[in-house]
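Structure record follows, encoded as structure tokens.
Laboratory data are not the source of any read-out in this text; all were calculated from the coordinates shown. The structure presented is a predicted model; accordingly, all values stated were derived computationally and were not measured. Reconstructed Cβ throughout: ideal geometry from the backbone, glycine too, with neighbour counts over all protein chains shown.
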Amino acid sequence: MCPPPALPAAEIKRAPLPSRRRKDGLVRFAKDTTSQGGEDGILRAIFEQMGDGPRTVVDVGAWDGVHLSNTHSLLVPEASPWRGFLIEADASKCEKLRALHEPLGNVCVEALVSCEDEARKLPAILGKHSCPWSVDLLSIDVDGVDYWLWRDFLESGRAAKVVVIEFNPSMPDDLHYVPPRSDAQRHGASLAALCALGEAYDYSLVETTLFNAVFADAATRALLVERGLVPADASRYDLHETTMGTQLYQLYDGTLKVHGTKKLLWHRRPIDERKIQVLGEAERLFPFAPGGTSTEKKPRRPKRRKRRRSPETKARAAPYAAYALAALFVASLVVHRRR
């Protein structure tokens, strides 16, 4: 089969889309000291509304306590009212974490938190280190099983007033994706899946950053709405906009095209359109083109399926069939006599 003739280049532009993303909520306070997407400022604004007093944070995937940390600004300042339980799987990072936090009286745990092994699940680790049953802030950033760690935390009966948890920013807002319950997977969950999990335990989405979702329990959200920090009627479509998604669209000849983010975000490699094609270049023809160039026939209209009669229907029809045969027999006798 000969390849199709070379065509001039197509004109491809990105047309602007209307945005529902609201900017009148907690995102107004976004600011980074050590965080990645404004979480430091957002958390400060939330907890300023909740008064003074001792507070507790659980940080899962704490790294070295500084790099892209959501909790450094809470725990490290002098005379901080916060006490931390920080968990990190990497030994070298955990050594730095201990050097920073143990002099401050915070608990540092070197552990690979599991979503499969009961002894290494988050509730078991927290219980082993005497973490309070209810905490003020839970931060989860482990690049894979985040969804399952929060679910195990919730199913154990533990609670947090505010939760900061990572979601996969490449997934569209209408996609409900829960990764396999496996410590081996590195998929991430969609924002929709995390929202559904939170709603099942009376948590509401109150803000998002580029990679993280911020949830609050019912009492905390009510306070934030009352103080004007969270719009009362905001849905997740108002609080998030997918800006890192990758889309595919199809041309009539079967060519697949990439739209949006055209690279693997975490590998920093471009997505090569040539390598994702289902059809070879010579096969990419419109199958119903006029002029005899079709590679296939147009689909035929499906045949009507014969209606099968049930045994009950056949039984009811049997007497009528007998009467019909008898009538034909009598009619044939009459014709014969007339001859």
Here Rg/Rh (Cα, Kirkwood) for segment 197-289 equals 1.24
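Place a +1 charge on the Cβ of each Lys and Arg in segment 141-238 and a -1 charge on the Cβ of each Asp and Glu, then give the dipole magnitude about the Cα centre in debye, rounded to the nearest 20. Present the calculation step by step, with values, prior to reporting the outcome.
On the way: 8 positive and 16 negative charges, 32 e Å.
With Lys and Arg at +1 and Asp and Glu at -1, about 160 debye.
May I ask you to order 259-269, 9-19 by the average number of other C-beta atoms within 10 Å around their residues, highest value first? Before the final figure, lay out each step's value.
On the way: 259-269: 11.3, 9-19: 5.9.
For the peptides 259-269, 9-19, the packing ranking is 259-269, 9-19.
For the peptides 30-42, 104-116, 275-287, what is the packing order when you average, over each peptide's residues, the other Cβ atoms within 10 Å and list the highest mean first?
30-42, 104-116, 275-287
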Which chymotrypsin sites (Phe, Trp or Tyr not before Pro) in segment 126-195 sit in a loop by DSSP (not H, G, I, E or B) and have at most 11 other Cβ atoms within 10 Å of their own Cβ?
W133
Treat each spin label as a single point 7 Å out from the Cα along the C-beta direction, and report the A111 to R28 distance in nm.
4.0
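Too long at a 22 Å Cα-Cα cut-off: which of K23/K263; K31/K93; K93/K121; K93/K263? Walk me through the numbers before you get to the answer.
Values: K23/K263 28 Å; K31/K93 25 Å; K93/K121 20 Å; K93/K263 29 Å.
Exceeds cut-off: K23/K263; K31/K93; K93/K263.
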Inter-centroid distance (Cα atoms) of segment 1-61 relative to segment 147-197, Å:
17
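Take the Cβ-Cβ distance between A222 and A282 as r, set R0 to 56 Å, and report the resulting FRET efficiency rounded to the nearest 0.05. Please report the intermediate quantities before stating the final value.
Numbers: r = 63 Å, r/R0 = 1.13.
Once the sixth-power term is evaluated, E becomes 0.35.
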Can you figure out the FRET efficiency of H176 with E155, using R₀ = 22 Å and their beta-carbon distance, to the nearest 0.05?
0.70
Relative packing of peptides 223-230, 79-86 - highest average C-beta neighbours within 10 Å first:
79-86, 223-230
